[in-house]
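So the structure is just underneath, and the comments pick up after that.
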Amino acid sequence: MSREKNNIEVEHYCPFKNICTKWTFAVIELLANYGKLNFNAMQKLLSEGGRITSRALSETLKKLLHVGLIERKIMGDKPPLAVYGLTSFGVQFRTKLYPIIQWFDYSKTYRGD
């Protein structure tokens, strides 16, 4: 699928291709609104808007961790609890992206979605 246009691979036009899943922006928004959350709390909150599987959440978190948008910290030791939160880069990313998401949602009225 990497057709070339002026010697640039077309597939590289999406800067989010390595992080996007169905749940990527929902996880970022959730962490922006709630702060640090553990896996089970995120799954429960995300399932209110639609069913997210453990596997889907795990894959989304791995991708966001890999690119540095979120961080994972271990809290306590008996039992250890992993919590996730936005990094400063993640906060900046969300700040830049949020107006585009709002505009897109608002424009549904004019697109007829």
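In this structure, residue 48 does not satisfy being at pLDDT 95 or above and among the acidic types (Asp, Glu).
Filtered by the rule that a residue be among the polar types (S, T, N, Q) and not in a helix (DSSP H, G or I), segment 28-42 gives a lone residue, 38. When the residues of segment 67-84 are filtered to those that are touching a residue at least 40 places away in the same chain (Cβ under 8 Å) and out of contact with any strand residue (DSSP E or B) (no Cβ under 6 Å at 6 or more places or on another chain), the one that is nearest to residue 34 (Cα to Cα) is 69.
Does residue 19 qualify as being β-branched (Val, Ile, Thr), at pLDDT below 90 and surrounded by 14 or more Cβ atoms within 10 Å (Cβ to Cβ)? Yes: the conditions hold for residue 19. Being modelled with pLDDT under 95, among the charged types (D, E, K, R) and buried (at least 16 other Cβ atoms within 10 Å of the Cβ), is that true of even one residue in segment 36-45? So far as segment 36-45 goes, no, none of its residues is modelled with pLDDT under 95, among the charged types (D, E, K, R) and buried (at least 16 other Cβ atoms within 10 Å of the Cβ). Looking across 93, 89, 25, 104, one residue alone is surrounded by fewer than 13 Cβ atoms within 10 Å (Cβ to Cβ), assigned to a helix (DSSP H, G or I) and of a type outside the set (Lys, Arg). It is 104.
The values are calculated or read from the model by the stated rules, or taken from the named source; none is laboratory data. From a predicted model like this one, the values you see are computed outputs, not experimental measurements. Don't worry about glycine lacking a Cβ; one is built from the backbone with ideal geometry, like all the others, and counts go over all protein chains shown.
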